[in-house]
Structures are given as structure tokens and as C-alpha cells.
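Take a look at the structure set out below.
The values are calculated or read from the model by the stated rules, or taken from the named source; none is laboratory data. It should be emphasised that the depicted structure is a prediction, and the values quoted were computed from it without experimental measurement. Cβ placement follows ideal geometry from the backbone for every residue including glycine, while neighbour counts extend to all protein chains displayed.
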Amino acid sequence: MNKFKIKTEVKFSDNAIDALLDYKNVNAAIVTDEFMNKSGKVKMITDKLSGCNRVDVFDEVKPDPPISLIIKGLEFLEKCDTQIVVALGGGSSIDAAKAMVFMAKKVTGKDLKLVAIPTTSGTGSEVTQFAVITDEEKGIKYPLVDEDLLPDLAILIPELVTSVPPSVTADTGFDVITHAMEAYVSTLANDASDALAEKSLKICFEYLPVAYKEGDNLIAREKMHSASCLAGMAFNEVGLGINHGIAHALGAKFHIPHGRANAMLLPHVVEFNADLHHNFGKYNKAEAMQRIAEISRMLRLPHDTKRIAVESLVEEIKYMMKMMKIPATLKEAGVTKEDYEASKADIIKSALNDSCTKTNPREVTEASVERILSKIAIW
Ligand SMILES: NC(=O)c1ccc[n+]([C@@H]2O[C@H](COP(=O)([O-])OP(=O)(O)OC[C@H]3O[C@@H](n4cnc5c(N)ncnc54)[C@H](O)[C@@H]3O)[C@@H](O)[C@H]2O)c1
Ligand SMILES: [Fe+2]
């Protein structure tokens, strides 16, 4: 049985931010990072929450939010006696807020509402039932998965994204591409998730280079904001794959930004799933290769044969990465050979155990993860 459902209401286009004016006579809290507060973006939100009794701000979120931060945020929410939580920021702020609200509801039994306002076009976290939290002691990133993590409302405001620097635009844009591609080839993919992933990919390949080169191009920013949300809806239903499984492990060990880790792996995971080099064991390769070839055709890349289609997709990904100065190897991403060798076994183990890996179209083994890693472990 296939299914498609979205609990989160999404508001976008002109005046979407005015949805906040509806919150009256309640206590609100904003969960964000220091940059958002100092840059005046928090004020844009508090101005619209003027009907609330009080608005408190927790601006301590850092990239890859750890468990300790969630506990601190929980204490904050309790102290402010909040009814509405507004998550403002990239995936890190939204995930942190989702985890805090989820736990606060469990602990207090209170019915908290969560509004997510993304300021990067990347994770799609505003419409997903995932929150990725880091266990710093163990060096592992955990995707928490629960329908109760879904925000009640998402507001897409492209003006908030124009300040994202080119390198973060590139990283987060590749997160969107990876979400859409992994959803498209997921073992659970269906017509509804395909439609969302296809549209997202078409937008990304057209508008990500524009958003990268012209950060203040509002049309490109609006398109990428939509692409991020559509890809989020797609993978929320049908899951991701080994690309995200390994990227989580690399992010936890070496703090490589999430989208960058995805981009570095993507050409090699596409080749692996399509079994382009016939190096691996048994699996349903015909279907995975077919799906990947379809992506090429959809993007109007050369696709005379399935092999040509896969190769041209891999080349296009590598071209875009180079154009946007995304590192291709762990060395270029600042990881030393010694650190990599010391962590390799843990990375393979946590990639195999990651919940995203379950829906990869091709069976993944220790040897195949090692093989994919070897393509970026070059010094
Ligand atoms: N929940 C999900 O479904 C999901 C999906 C994919 C990734 N994630 C997680 O999300 C996190 C990554 O999120 P991200 O890629 O959005 O990055 P991020 O939230 O970590 O932000 C990256 C940097 O960009 C800055 N930034 C954010 N918005 C900005 C703006 N408008 N202008 C200038 N700077 C801005 C932040 O301050 C930060 O320094 C990772 O922890 C990843 O694992 C979650
Ligand atoms: Fe992601």
C-alpha cells in the first residue's frame, strides 16, 4: 500500500509572515541562533508576534545541535511557560526546536504548537518528521523519527535566505538535490513522492547555480525555498538512502556541514546504486539503474542508453560541485588521513545502522560502504 499525508500547513508567497499575527494572548518563544538574533531577523518575527503576551528568545543553537542543547532549551521553554514555539533558522535551529517541543509535550503533557520558518533552502525540516540530534560523547548523529515532530505550520519567506553566503547556499542546495534523488530511488517511492522529487530536482538544476552566483536574486531564492520544501515532503514519506546514512556519520565525526558531506558522496552513491562498475554483489540493479536514468532524462541530460544517462548525471553533479567550489575529497574538506583511519570502522558501522539506509535501492554491506568512502578518502 502507498500513502501520502502532510500534517504541516505550509504558507508561502506574499505576506506569508502575516500568519504570525493570528497568535494573540499566548506566550511565544523563538528558538534560533545568535546570527539570526544579531542580524535583525528575530526582530522581523517578534514584530509580527505583537499580539502575544510575551515573546522570549533562545538563541543558543549551534550547527549539529547536541543533546545538551536540547535539555537546556527544554528548561527554557518551561521557564517561559510557552504555548507557541517559533523555530527560526537553518535545519539546526528547526531540528533543535522540534526536539525541544517534542520532549516538552511528553514531559508536561501540554499542547505546544510549533511554527517552523527556515532561513536556509536545504533540509526541508519544516515539513519532516525527523530531527537530527548529535550525541557528542559517542560521536553519532541520530535522526529522531516521530510524526509528533512535524511542525504545525511552516512559513516560507525567501527574503530571509538572501543573506546565506555562497558556500552555505551550495552546501544546503546539495542537501535538497540529495533528498530529491534519494527519495526518487527509495525502495518506497510512489507516484506522489516522485512528483515532488521530480519538481524539486528540476528547480535545483535550474536555480541553484543562480542562487549561488546572485545571492540576492529573490526569484532564485524563492524557487530553491520551494524545492527544499518539496524534497522534504517527498523524503518524509518514502525515506532516504545510504548517501544520508554515510553523511550523518561523517558529519558527527568531522563536523563537515551536512549538505557538503552529501554532495561529496553523491556522485559515488549514484554510481554505486546504478552498479555502473559491476563491482558489487547481488541486488535489484536493473530497477535502480532505470530510476537513475529517468532522472537524467527528466533533466534533459544525454540519455541515449541507461549507462550514458547515469554517466551524464554523475558528470553534471561533479560539474556543479566544482563550479560551486564544493570539496570532492575528505582532504579538501579538512580531514586528516590519521583522523579518518581512526574513525573509519565507526563511520561504516553507524552508516549501516542509520535509519536512512533502510530505504536505499541497493543492498548495502560493510564492503560497499568502505568502497564508497574510498572514493573520497584520497590524500
Ligand atoms: N530534520 C530533517 O529532516 C533534516 C534533513 C536534513 C538535514 N538535517 C539536519 O539539519 C542540519 C543542517 O541544517 P542546515 O544545512 O540548514 O544548516 P545550519 O542550520 O546548521 O546552518 C548553517 C549555517 O548557516 C547559518 N545561516 C542559517 N541561515 C542563514 C541566513 N539566512 N543567512 C546567513 N547565515 C545563515 C547558520 O547560522 C549556520 O552557521 C544538520 O544537523 C542536518 O543533519 C535535518
Ligand atoms: Fe539532508
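For Thr178, the test of being in contact with a Leu (Cβ under 9 Å, 6 or more places away or on another chain), away from ligand 2 (no atom under 14 Å from the Cβ) and either β-branched (Val, Ile, Thr) or outside any helix (DSSP H, G or I) (or both) is failed.
Screening segment 104-124 for residues that are of a type outside the set (A, V, I, L, M, F, W, C) and outside any loop (DSSP other than H, G, I, E, B) and picking the one that is nearest to ligand 1 (Cβ to nearest atom) gives Pro118. Helices (runs of 4 or more DSSP H) fully within segment 183-263 that include at least 3 residues being more than 15 Å from ligand 1 (Cβ to nearest atom): 191-213, 218-238.
Taking the criterion of being within 14 Å of ligand 1 (Cβ to nearest atom), surrounded by 20 or more Cβ atoms within 10 Å (Cβ to Cβ), within 24 Å of Asp346 (Cβ to Cβ) and not hydrophobic (A, V, I, L, M, F, W, C), would at least one residue in segment 145-161 satisfy it? The answer is no, given that none of the residues of segment 145-161 is within 14 Å of ligand 1 (Cβ to nearest atom), surrounded by 20 or more Cβ atoms within 10 Å (Cβ to Cβ), within 24 Å of Asp346 (Cβ to Cβ) and not hydrophobic (A, V, I, L, M, F, W, C). Of all residues in segment 113-165, those that are under 12 Å from the mean Cα position of the chain (by Cα) and on the phi > 0 side of the Ramachandran plot total 1.
Could you tell me how many of the residues in segment 82-92 are more than 15 Å from ligand 2 (Cβ to nearest atom) and in a helix (DSSP H, G or I)? Qualifying residue count for the region: 0. Output yes when any residue across segment 126-144 is within 7 Å of ligand 1 (Cβ to nearest atom) and assigned to a helix (DSSP H, G or I), and no when none is. Scanning segment 126-144, I find no residue that is within 7 Å of ligand 1 (Cβ to nearest atom) and assigned to a helix (DSSP H, G or I), so the answer is no. Here Gly122 fits the description: within 15 Å of ligand 2 (Cβ to nearest atom) and either among the small types (Gly, Ala, Ser) or at pLDDT below 95 (or both). Pairs are defined by a Cβ separation below 6 Å, a sequence spacing of at least 6 or placement on different chains, a first member in segment 196-216 that is closer than 19 Å to Val164 by Cα, and a second member that is part of a loop (DSSP other than H, G, I, E, B); the pairs so defined are Phe205/Leu299; Val210/Asn217; Tyr212/Met324; Gly215/Thr162; Asp216/Thr162. From the list Asp339, Asp354, the one residue that fits, being among the charged types (D, E, K, R) and crowded, with 20+ Cβ neighbours inside 10 Å, is Asp354.
Per-residue answers, yes or no, for (1) charged (D, E, K, R); (2) modelled with pLDDT under 95:
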| residue | (1), (2) |
| --- | --- |
| Met289 | no, yes |
| Ser312 | no, no |
| Glu316 | yes, no |
| Tyr319 | no, no |
| Glu341 | yes, no |
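For segment 228-241, the set of residues classified as over 11 Å from Val127 (Cβ atoms) and within 13 Å of ligand 2 (Cβ to nearest atom) consists of Gly239, Leu240, Gly241, listed by residue number. Please tell me if Ala170 is within 16 Å of ligand 2 (Cβ to nearest atom), under 16 Å from the mean Cα position of the chain (by Cα) and free of Cβ contacts under 8 Å to residues at least 60 places away in the same chain. Criteria not met by Ala170.
The set of residues in segment 166-204 that are under 17 Å from Asn243 (Cβ atoms) and surrounded by fewer than 19 Cβ atoms within 10 Å (Cβ to Cβ) comprises Thr187, Leu188.
For segment 39-46, the condition of being among the small types (Gly, Ala, Ser), on the phi > 0 side of the Ramachandran plot and within 12 Å of ligand 1 (Cβ to nearest atom) holds for at least one residue.
Do we have any residue at all in segment 53-63 that's modelled with pLDDT under 95 and more than 16 Å from ligand 2 (Cβ to nearest atom)? Looking for residues that are modelled with pLDDT under 95 and more than 16 Å from ligand 2 (Cβ to nearest atom), one finds at least one in segment 53-63, hence yes.
Residues are listed down the side, and each one gets a yes or a no for (1) in contact with a Gly (Cβ under 9 Å, 6 or more places away or on another chain); (2) part of a helix (DSSP H, G or I):
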position	(1), (2)
Asn2	no, no
Lys7	no, no
Asp18	no, yes
Asp47	no, yes
Gly51	no, no
Val55	no, no
Glu60	yes, no
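Screening Ala180 on (1) under 16 Å from Gly91 (Cβ atoms); (2) touching a residue at least 60 places away in the same chain (Cβ under 8 Å) shows it passes everything except condition (2).
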